[in-house]
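What follows is one structure encoded as structure tokens, with my remarks underneath.
The values are calculated or read from the model by the stated rules, or taken from the named source; none is laboratory data. In this text, all values refer to a predicted model and were calculated from it rather than measured experimentally. Cβ: placed from backbone, ideal geometry, glycine included. Neighbour counts: every protein chain shown.
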Amino acid sequence: MTNFPDDKQTAETALLFLQLIMRRLRRHPKPGRAAVVVPNGTLFGDGVAARIKEELLKEFNLHTIVRLPNGVFAPYTNIPTNLLFFDRSGPTKEIWYYEHPLPEGRKNYTKTKPLSFEEFAPLLAWWKDREESENDRAWRVSVEDVLKYDESGSLVSANLDIKNPDGGEKLKHLPPEKLVESILAKEERIIEIMDEIKQVLGEGER
């Protein structure tokens, strides 16, 4: 950690890894490119995390964030993850988001039913010809909507955890029976998570 600036030192492994990659990307003769997996906490984290993201947005072009669904890295972790794509071509002006969907009828990925490369076909097709209006899985955000400063110019937040603007609208227009199913599914998942937490706490007391 001592190899990093004082205001960017942290014990969070994901942030250290992200900083290391940022520092290793070359500027010339051809701008370096990177794709990094980060947990959701990196996107909305404040303090050191916000300062690192400020550097990422000002010194690098964070052009795309792919939001992955639950269970992509099961059974190792169920923490939601994201793919950050950035390069050394210049500061970020806007960020494209793409929400990778679960297969129809699935609640998450598992060790026995993992994410397959073939499922990335819609993402790869969109990548070459990006559209916002025709694809409810994709949206873009200006960097000014991410970096927030106070009147003195001090960084207030750098929140990259920006939800799909079409997601809420789609939920509002669900048929009543589908809306009930969606709510029940979320409650079941919450109960599962609580049971997992109780098990972990129980093991820690032994």
_LYS107 being loosely packed, with under 13 Cβ neighbours inside 10 Å and either over 30 Å from VAL48 (Cα atoms) or touching a Ser or Thr at 6+ places or on another chain (Cβ under 7 Å) (or both)_ = no
*Check every one of the helices (runs of 4 or more DSSP H) wholly within region 1-75 and list those with 3 or more residues that are modelled with pLDDT under 90 and in contact with a Cys (Cβ under 6 Å, 6 or more places away or on another chain).*
none
*asked:* Being in the same structural domain as TYR97 (by TED's automatic domain parsing), among the small types (Gly, Ala, Ser) and within 30 Å of LYS113 (Cβ to Cβ): is that true of ALA49 here?
replied: no
*Residues of region 76-105 that turn out to be in a loop (DSSP other than H, G, I, E, B) and over 24 Å from LEU20 (Cα atoms), as a count*: 7
*From ILE95, ILE65, grab the single residue that is touching a residue at least 60 places away in the same chain (Cβ under 8 Å) and in contact with a His (Cβ under 9 Å, 6 or more places away or on another chain).*
ILE95
*Under 9 Å by Cβ, and 6 or more places apart or on different chains, what pairs join a residue from region 1-26 that is assigned by TED's automatic domain parsing to the domain that holds LEU84 with one that is assigned to a helix (DSSP H, G or I) and modelled with pLDDT under 90?*
LEU15/LYS8; GLN19/LYS8
*Name the single residue, out of those in region 106-151 being assigned to a loop (DSSP other than H, G, I, E, B) and among the aliphatic types (A, V, I, L, M), that is farthest from THR81 (Cα to Cα).*
VAL146
*Inside region 137-169, can you point out the residues that are surrounded by 15 or more Cβ atoms within 10 Å (Cβ to Cβ), of a type outside the set (A, V, I, L, M) and closer than 17 Å to LEU102 by Cβ?*
ARG137, ASN164, ASP166
*asked:* Just to be sure before I move on: is PHE60 surrounded by 18 or more Cβ atoms within 10 Å (Cβ to Cβ) and not acidic (Asp, Glu) in the structure I sent?
replied: yes
*Residue tally, condition farther than 19 Å from ARG88 by Cβ, touching a helix residue (DSSP H, G or I) at 6+ places or on another chain (Cβ under 9 Å) and of a type in the set (Gly, Ala, Ser), over region 7-49*: 4
_Exactly one of these conditions fails for LEU15: (1) in contact with a strand residue (DSSP E or B) (Cβ under 9 Å, 6 or more places away or on another chain); (2) under 21 Å from ASN108 (Cβ atoms). Give me its number._
(2)
*Can you name the residue in region 76-99 that is more than 17 Å from VAL141 (Cβ to Cβ) and at pLDDT 90 or above and, of all such residues, is surrounded by the fewest Cβ atoms within 10 Å (Cβ to Cβ)?*
GLY90
*Out of the residues in region 27-57 that are in contact (Cβ under 8 Å) with a residue 60 or more places away in the chain and more than 28 Å from HIS100 (Cβ to Cβ), which is surrounded by the most Cβ atoms within 10 Å (Cβ to Cβ)?*
ARG51
*Pairs under 9 Å by beta carbon, first residue not assigned by TED's automatic domain parsing to the domain that holds LEU62 in region 74-89, partner of a type in the set (A, V, I, L, M) and assigned to a loop (DSSP other than H, G, I, E, B), six or more apart or different chains?*
none
